[in-house]
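What follows is a single structure, written as structure tokens, with notes after it.
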Amino acid sequence: MKTVNHWIGGKTVEGASGNYGPVTDPATGEVTTRVALASPDEVDAAVAAAKDAYATWGTSSLSARTAILFRYRALLDAHRDEIAALITAEHGKVHSDALGEVARGLEIVELACGITTQLKGELSTQVSSRVDVSAIRQSLGVVAGITPFNFPAMVPMWMFPLAIACGNTFVLKPSEKDPSAAILLAELAAEAGLPDGVLNVLHGDKVAVDGLLNHPDVAAVSFVGSTPIARYIHATASANGKRVQALGGAKNHMLVLPDADLDAAADAAVSAAYGSAGERCMAISAVVAVGSIGDELVAKIKERAEKIKIGPGNDPSSEMGPLITAAHRDKVASYVTGAAAQGAEVVLDGTGFTVEGFENGHWIGLSLLDHVSTDSDAYKDEIFGPVLCVLRAETYEEGVALMNASPFGNGTAIFTRDGGAARRFQLEIEAGMVGVNVPIPVPVGYHSFGGWKDSLFGDHHIYGNDGVHFYTRGKVVTTRWPDPADAPAGVDLGFPRNH
């Protein structure tokens, strides 16, 4: 059986704890790999390697860093099929979806390649007699990233390329459910010329996470995952004096107004709800139909959902793959089986779905629930699977109030032909990312990604300008140089003169 080990100090390091976790092929249910789970000593070793590397990397030139990142970008592009194949084998998503994940990660690598303009400082001259003030940004030191199973390549690439471009060194703790893509990312970085210890990959469970959160040499922690864990990450790391960005869960809504193109809205709802088998924090999991359009919209969504081909991710004809684990599949199914008792109409029930020849895979079909109430479990919880809830509202105001009452505020969308309504929506809705006739409003790399309320803990969003600011800290320098023509001024105990 294949073993995935750590990557520390520029080389593979075999696990020394004696603890291993299983990695399963979701399409077959077969355990194909084991992954080493780090001990506290191994956490210390990874952080020590990053700290040693920072002594030189932190003072390296911008041109040296970006030259490596340009080579890295080329290698990632050349190996994108290989990275995607690892994602499919361990996560289960279809190959085209995995390729899209790699492409979105590459956007941030490209942003990091242009970091020179992002790190320019500011200068004010002659703020007082012969006094200049400059503002610069400097790296933090050793930073860590803790990433989820649903995007094992993209989310790490949302973090470490910017961090190392800013002059930091990085310890990545990827999900132990699908760890292989992270190792390939690190190997390609080394091939691009990244010095040993600048990027380290440490596998593990809560032992590794707590080790990083409590380590005195880790200056900042980035996290993407569920809201309860994000809250814990933020509280623990902050208590230890670390800078934290912790992105949590979501319950993303799509408001459909009566004037919307219902065919376009139905297409968008199916793509956004069921893509990646619903295992993404930007999935649309709740559609709010306004006015009399609800029945027609639900019929159109049902018609499209029934045509989605579900199968193994490496089958080119598959449009949706299995869920990551059997336990997660069963949890997702429980929301559908319990929906009718909580007042919902089960329009589509995917809980009995299986794939011939792959009966032991973690399969679930597409589910569609109508007339869902806001106090039902299917609405309140982040299901993280292919389950779409439809709620009804009589007016725009009622729909927005319903959405704003959610504790989550990650992403949202409105479908309408009315520009005034769309403008009002983008100002009134309480969410960090808004789409207008765009169902999954994930920002491009040079803007920042992040939500509001229980979807984000910390002050900075991820990547874009916020990412650069998170991985650097500001310093202001005030300078006065004597004019060579002046005689020594002598001692002056008075308040400094500004004029």
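Here Leu262 meets the list (1) touching a residue at least 60 places away in the same chain (Cβ under 8 Å); (2) surrounded by fewer than 24 Cβ atoms within 10 Å (Cβ to Cβ) almost entirely, failing just condition (1). The numbered conditions (1) of a type outside the set (S, T, N, Q); (2) open to solvent by less than 20 Å² (accessible area, probe 1.4 Å); (3) within 25 Å of the chain's Cα centre (by Cα) are all true for Glu42 except (3). Scanning segment 285-297 for residues that are part of a helix (DSSP H, G or I) and open to solvent by 10 Å² or more (accessible area, probe 1.4 Å) yields Gly291, Ser292, Ile293, Asp295, Glu296.
If I ask for residues that are in contact (Cβ under 8 Å) with a residue 12 or more places away in the chain, part of a loop (DSSP other than H, G, I, E, B) and open to solvent by 30 Å² or more (accessible area, probe 1.4 Å), which ones from segment 341-374 would you list? Reasoning before the result, please.
Step one: of segment 341-374, the residues in contact (Cβ under 8 Å) with a residue 12 or more places away in the chain are 342-353, 355, 358, 360-374.
Of the ones still in play, those that are also part of a loop (DSSP other than H, G, I, E, B) are 343-344, 349-353, 355, 358, 360-366, 371-374.
Those that are in contact (Cβ under 8 Å) with a residue 12 or more places away in the chain, part of a loop (DSSP other than H, G, I, E, B) and open to solvent by 30 Å² or more (accessible area, probe 1.4 Å): Gly343, Asp349, Thr351, Gly352, Phe353, Phe358, Asn360, His371, Ser373, Thr374.
Assessment of segment 389-399 against the conditions (open to solvent by less than 30 Å² (accessible area, probe 1.4 Å) and part of a loop (DSSP other than H, G, I, E, B)) yields no matching residue. Condition (residue is within 16 Å of Val143 (Cα to Cα), part of a loop (DSSP other than H, G, I, E, B) and open to solvent by 10 Å² or more (accessible area, probe 1.4 Å)) applied to segment 176-185: is it met by at least one residue? No - not one qualifying residue is present in segment 176-185. Among the residues making up segment 400-419, those that are surrounded by fewer than 21 Cβ atoms within 10 Å (Cβ to Cβ) and part of a loop (DSSP other than H, G, I, E, B) are Ala405, Pro407, Arg417, Asp418. Ile233 falls short on exactly one of the conditions (1) surrounded by 22 or more Cβ atoms within 10 Å (Cβ to Cβ); (2) over 21 Å from Pro174 (Cβ atoms), and that condition is (2).
For Gly338, indicate whether it is surrounded by 20 or more Cβ atoms within 10 Å (Cβ to Cβ), of a type in the set (Gly, Ala, Ser) and touching a residue at least 12 places away in the same chain (Cβ under 8 Å). Lay out the reasoning, then the answer.
On the way: surrounded by 20 or more Cβ atoms within 10 Å (Cβ to Cβ): no; of a type in the set (Gly, Ala, Ser): yes; touching a residue at least 12 places away in the same chain (Cβ under 8 Å): yes.
Spelling it out, it is not the case that Gly338 is surrounded by 20 or more Cβ atoms within 10 Å (Cβ to Cβ), of a type in the set (Gly, Ala, Ser) and touching a residue at least 12 places away in the same chain (Cβ under 8 Å).
From the list Pro152, Pro156, Pro148, the lone residue that is closer than 30 Å to Gly29 by Cβ, open to solvent by less than 10 Å² (accessible area, probe 1.4 Å), modelled with pLDDT of 95 or more and in a loop (DSSP other than H, G, I, E, B) is Pro152.
The values are calculated or read from the model by the stated rules, or taken from the named source; none is laboratory data. A quick note: this is a predicted structure, and the numbers were derived from the prediction, not measured. Using ideal geometry, Cβ is built from the backbone for each residue, glycine included, and neighbour counts are taken over all protein chains shown. Note: areas computed on protein heavy atoms with side chains; ligands, DNA, RNA excluded. Shrake-Rupley method; radii C 1.70, N 1.55, O 1.52, S 1.80 Å.
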